[in-house]
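Notes for the one structure printed next.
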There are 2 protein chains.
Amino acid sequence: MSDMRTVRGMRDLMGPEMRIKEYLMTTAAEVFRHFGYEPLDSPVMELWETLSAKGGEDIEAETFKFKDKGDREVGLRFDLTVPLARISASNPHLPKPFRRYALGKAWRYDRPQRGRYREFAQADVDIIGSSSPAADAEVVLVAIEYLRRVLGSDYIIRINSRKVLRGLTEKAGVPDELAFQCFRAIDKLDKIGRDGVKEELQTRGIGAKQSEFLLDSIELRGSGTSILEEFASLLDGSEIGLEGVDDLRLMAEVFEESGAKGFTEFDMSLARGLDYYTGPVFEVDFLGKPKVGSLGGGGRYDFLIERLGGPPTAATGISIGIDRLIDVLAARGADDLLEIGLDVFVAPVKRPMVKYAMRIQNELVRAGISSVVDVMDRTLKKLLEQADNMKTKYMIIVGQRDLEKGEVSLMYMSTKETRQVKIDEVAAELTRLVKHG
Amino acid sequence: MSDMRTVRGMRDLMGPEMRIKEYLMTTAAEVFRHFGYEPLDSPVMELWETLSAKGGEDIEAETFKFKDKGDREVGLRFDLTVPLARISASNPHLPKPFRRYALGKAWRYDRPQRGRYREFAQADVDIIGSSSPAADAEVVLVAIEYLRRVLGSDYIIRINSRKVLRGLTEKAGVPDELAFQCFRAIDKLDKIGRDGVKEELQTRGIGAKQSEFLLDSIELRGSGTSILEEFASLLDGSEIGLEGVDDLRLMAEVFEESGAKGFTEFDMSLARGLDYYTGPVFEVDFLGKPKVGSLGGGGRYDFLIERLGGPPTAATGISIGIDRLIDVLAARGADDLLEIGLDVFVAPVKRPMVKYAMRIQNELVRAGISSVVDVMDRTLKKLLEQADNMKTKYMIIVGQRDLEKGEVSLMYMSTKETRQVKIDEVAAELTRLVKHG
């Protein structure tokens, strides 16, 4: 047994899990395209000055960062948003709105644990250039349609707005410079509970009375426009807070009209850790088993492109974590559904027949039929076993004597019945059988 | 204008080039599956001890190598073969033959130049566990079928065998320990010509008489089994050399039978730089314009899995470089052919209509129809322009007055004719129009 391993916190994907991943990626590309998004692929590494422009507490600690041989500091991207922001910044004349999707990997130097990998794949959609909350609603609807297809139900997208949170701290009388400290504490409500958040707020220098107001407020959550009336009355008098509620209201109306209300929830405690969000924020919670935590999230980031040297540009997007979806679908046994049997196994009886077997295989592949040729010089008995294991529908046996008559044997694997077919007609005959039964 | 750039030698792909890349990747997956290969995905980085086990002169200089935060040496993979060999070594019980394909990026710290990137995508097929030259023939046929689909013609796969080369040095009387030096010199024939190779051989310590024999021999090249008779008579008396010719002969017979003879050439000068090859070696040359050099290559590597700590395991494979194919197809204007117009543009007249527009869009997407909703609050005039630019087939205009009657306007973009349709029927009506014209 080899002691060669993967790098810690990373994994190989093959067999059932890889089939699931391919399904998840292919479906994502299809859904995103149908919503009018175009694909974009960027290098896995970025200059450190690009990555660090994003800000936030833990960037340096969580990034795979190194010097290239020219002694420039670079890092593996930790998300697909920063590369998009760099591209938008350096291509200010891209027609707007620019809808792009990206399917790719990102890397974070987290502590490895269940459902958390140091290398993970993401499926992102973003709209660059629209400041309308309709754009925020759209990216959430795209995520919902994708999750509907691959997951069915068992998930909810929680939504809030950084403007709502700013309004909240304003109403609580928290000074501006401490607002972000509040968001960080509030965001932990689900994890550490009300008392935990209270403590966090205290540690971060928020007074008792202010804390009390915040703690009462952040338990507000619910679906549809009615909960937003409660948001509004709480934020009465705060211009930015009410602006935030207006954005969410348009989103709520869109969700109600589109039948997506049941998959969304407005949650006053949702803040999300990253400091670049400026408006609506989203988080996708998986409600079923296994408990994998968040399936993704996103939000509006109207300043990031400017921070990367571009013109002021509105932007919003959402990201779905593919690796956790793989784990969920694998636990559900979805790989069984995705397993596709082989159409045809071509068995040359002795090596000199292999060239005829490969000729037939090539004709089959060109007709869109999957087929395999034996390259192990195995006996026919062994090949029948192998073909059964591969759930093969038909076998073609290419033997010397048949060939002298210009024929091969065609076997129906379900019954093991065989009949002779002319070698020049076997590809056409199998095409008919595979495609029309 | 931003000064944020990509890392040197790497590129973003979007628009036409990205459409081409998607087409190349999707087609590769389809062809490879039909030949019975299964997908595998491994982390982009490997432990340095894994990467360095491959050997070869330039590994250290050409690898993006760094220490992780746990101070372990790691590197970005420079090909997709070493990860596969690691996986095969640590999973000795994988059923054989194990046919895997991989579509992924690799990284090399080369000097950036036309057609050579420091980050590049590859499409690989490999067969683990078969020592038969039928397996070598198969991977070449897979590459030929793929290139036939995406490129048509304009390419040739040159083939030789390390055994043939060992036979050649044996016949020349070159000592074993200098054989690999010979291969390196010989491999440059196409680049530096006969005189250049002569000089190289001299520098590497090969005598004049030995050089003369090698130089006369390596100009042998041609298609089909007949050229292999010349290989054989040249290598008469060398057991390993003739074994190599036998392998190539089986391959030649397969190519002739499968109609692939015209895409292959046996070339005594082909050696390939990597030191892990043990049998047949392949190189894909692009013959058209722009001159991008090699499109890929591969060969048999029967010792690599053992070197990585696994049991002795035969293996062969071929790798196609996607980035050079992108450059070739982009130069041919293939992106025009791949451009798909948008089916439907849904135009809400004023923001309050956006929710109805998004409801319609969601119904369309679920029916498999691509559609976009305006999120820029643009005027109808602007939206018509935008829809024309996007080559949209139909526009739905959602206006207050129509809606009060439960209707929307459906516009045929080619003629700009419009008619009224019930909002509840518009998705079904468009599905009919888009799918059946």
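The values are calculated or read from the model by the stated rules, or taken from the named source; none is laboratory data. Values in this document were obtained by computation on a predicted structure and should not be read as measured data. When we count neighbours, we look across all protein chains shown, and the Cβ atoms used for this are built from the backbone with ideal geometry, even at glycine. To get the accessible areas, we keep the full protein, side chains included, count just its heavy atoms, and leave off ligands, DNA and RNA. Shrake-Rupley method; radii C 1.70, N 1.55, O 1.52, S 1.80 Å.
Only one of A:Pro39, A:Pro97 is at pLDDT 95 or above and over 30 Å from B:Arg33 (Cβ atoms); which?
Numbers: A:Pro39 fails: over 30 Å from B:Arg33 (Cβ atoms).
Just one listed residue meets the conditions, A:Pro97.
Search region B:256-272 for residues that are on the phi > 0 side of the Ramachandran plot and pair each with any residue that is in a strand (DSSP E or B) and not hydrophobic (A, V, I, L, M, F, W, C) when their beta-carbon atoms are under 8 Å apart and the residues are at least 6 apart or on different chains.
Partner pairs satisfying both residue conditions: B:Arg272/B:Glu283; B:Arg272/B:Gly297; B:Arg272/B:Gly299.
Considering region B:228-264 alone, what residues qualify as being part of a loop (DSSP other than H, G, I, E, B) and within 26 Å of the chain's Cα centre (by Cα)?
Residues of region B:228-264 that are part of a loop (DSSP other than H, G, I, E, B), as a first pass: B:235-238, B:258-260.
Result: B:Ser258, B:Gly259, B:Ala260.
Would you confirm whether or not region A:199-212 contains a residue that is more than 25 Å from A:Ala334 (Cα to Cα) and touching a strand residue (DSSP E or B) at 6+ places or on another chain (Cβ under 9 Å)? Walk me through it before giving the result.
Quick first cut of region A:199-212, residues more than 25 Å from A:Ala334 (Cα to Cα) only: A:199-212.
Pick out the ones that are also touching a strand residue (DSSP E or B) at 6+ places or on another chain (Cβ under 9 Å) and you get none.
No: region A:199-212 contains no residue that is more than 25 Å from A:Ala334 (Cα to Cα) and touching a strand residue (DSSP E or B) at 6+ places or on another chain (Cβ under 9 Å).
For region A:29-47, does any single residue satisfy the condition of being more than 30 Å from B:Leu338 (Cα to Cα) and at the interface with chain B (Cβ under 9 Å from one of its Cβ atoms)? Spell out the reasoning first.
Residues of region A:29-47 more than 30 Å from B:Leu338 (Cα to Cα): A:47.
Those still in the list that are at the interface with chain B (Cβ under 9 Å from one of its Cβ atoms) too: A:47.
Checked against the condition, which is being more than 30 Å from B:Leu338 (Cα to Cα) and at the interface with chain B (Cβ under 9 Å from one of its Cβ atoms), region A:29-47 yields at least one hit.
Listed here are the residues, each with its yes/no results for (1) over 30 Å from A:Ser258 (Cβ atoms); (2) of a type in the set (D, E, K, R); (3) open to solvent by 10 Å² or more (accessible area, probe 1.4 Å).
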position	(1), (2), (3)
A:Arg118	yes, yes, yes
A:Ala121	no, no, no
A:Ser131	no, no, yes
A:Asp176	yes, yes, yes
A:Asp187	no, yes, yes
A:Leu214	yes, no, no
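Tell me the strands (runs of 3 or more DSSP E) entirely within region B:335-437 that contain at least 3 residues that are β-branched (Val, Ile, Thr) and more than 9 Å from chain A (Cβ to nearest Cβ).
On the way: elements: B:344-348, B:371-373, B:394-398, B:407-412, B:417-422.
Where strands (runs of 3 or more DSSP E) fall fully within region B:335-437 and carry at least 3 residues being β-branched (Val, Ile, Thr) and more than 9 Å from chain A (Cβ to nearest Cβ), they are B:394-398.
For region A:307-342, name all the residues that are open to solvent by 40 Å² or more (accessible area, probe 1.4 Å), modelled with pLDDT of 95 or more and under 24 Å from A:Gly244 (Cβ atoms).
Matches in region A:307-342: A:Pro312 only.
Can you tell me which residues in region A:93-121 are hydroxyl-bearing (Ser, Thr, Tyr) and either more than 18 Å from A:Glu60 (Cα to Cα) or in a strand (DSSP E or B) (or both)?
Taking region A:93-121 and keeping what is hydroxyl-bearing (Ser, Thr, Tyr), we get A:101, A:109, A:117.
Correct list: A:Tyr101 only.
Of the residues that make up region B:86-96, is at least one among the charged types (D, E, K, R) and facing another protein chain (nearest Cβ under 8 Å)? Break it down stepwise before answering.
Taking region B:86-96 and keeping what is among the charged types (D, E, K, R), we get B:86, B:96.
Add one more test, that the residue is facing another protein chain (nearest Cβ under 8 Å), and what stays is B:86, B:96.
So far as region B:86-96 goes, yes, one or more of its residues are among the charged types (D, E, K, R) and facing another protein chain (nearest Cβ under 8 Å).
Please determine whether any residue of region A:135-145 is open to solvent by 10 Å² or more (accessible area, probe 1.4 Å) and of a type outside the set (Val, Ile, Thr). Before the answer, list the steps.
As a first pass, look at region A:135-145 and keep what is open to solvent by 10 Å² or more (accessible area, probe 1.4 Å): none.
No: region A:135-145 contains no residue that is open to solvent by 10 Å² or more (accessible area, probe 1.4 Å) and of a type outside the set (Val, Ile, Thr).
Does B:Ser52 qualify as being modelled with pLDDT under 95 and either in the same structural domain as B:Lys105 (by TED's automatic domain parsing) or open to solvent by 10 Å² or more (accessible area, probe 1.4 Å) (or both)? Can you show your working first?
Working: modelled with pLDDT under 95: yes; either in the same structural domain as B:Lys105 (by TED's automatic domain parsing) or open to solvent by 10 Å² or more (accessible area, probe 1.4 Å) (or both): yes.
Answer is yes for this residue.
Filter region A:225-284 down to the residues that are within 12 Å of chain B (Cβ to nearest Cβ) and of a type in the set (Ser, Thr, Tyr), then identify the one that is least open to solvent (accessible area, probe 1.4 Å).
A:Ser258
Based on this model, can you work out whether A:Leu242 counts as assigned by TED's automatic domain parsing to the domain that holds A:Tyr23 and under 30 Å from A:Phe120 (Cβ atoms)?
Working: assigned by TED's automatic domain parsing to the domain that holds A:Tyr23: yes; under 30 Å from A:Phe120 (Cβ atoms): no.
For A:Leu242, the condition - assigned by TED's automatic domain parsing to the domain that holds A:Tyr23 and under 30 Å from A:Phe120 (Cβ atoms) - is not met.
Checking the conditions here, which among B:Val284, B:Val245 is under 18 Å from B:Leu141 (Cα atoms), in contact (Cβ under 8 Å) with a residue 24 or more places away in the chain and of a type in the set (Val, Ile, Thr)? Write out each step before concluding.
Working: B:Val245 fails: under 18 Å from B:Leu141 (Cα atoms).
When all the criteria are applied, what remains is B:Val284.
So how many residues does region B:178-216 have that are within 26 Å of B:Phe286 (Cβ to Cβ) and either outside any helix (DSSP H, G or I) or small (Gly, Ala, Ser) (or both)?
Of the residues in region B:178-216, 5 are within 26 Å of B:Phe286 (Cβ to Cβ) and either outside any helix (DSSP H, G or I) or small (Gly, Ala, Ser) (or both).
Given the structure, is B:Met14 over 19 Å from the mean Cα position of the chain (by Cα) and at the interface with chain A (Cβ under 7 Å from one of its Cβ atoms)? Before the answer, list the steps.
Numbers: over 19 Å from the mean Cα position of the chain (by Cα): no; at the interface with chain A (Cβ under 7 Å from one of its Cβ atoms): yes.
No; evaluated as a whole, the condition is false for this residue.
Every residue in region A:66-83 that is of a type in the set (A, V, I, L, M) and in a loop (DSSP other than H, G, I, E, B), please.
Residues of region A:66-83 that are of a type in the set (A, V, I, L, M), as a first pass: A:74, A:76, A:80, A:82.
Passing the criteria: only A:Leu80.
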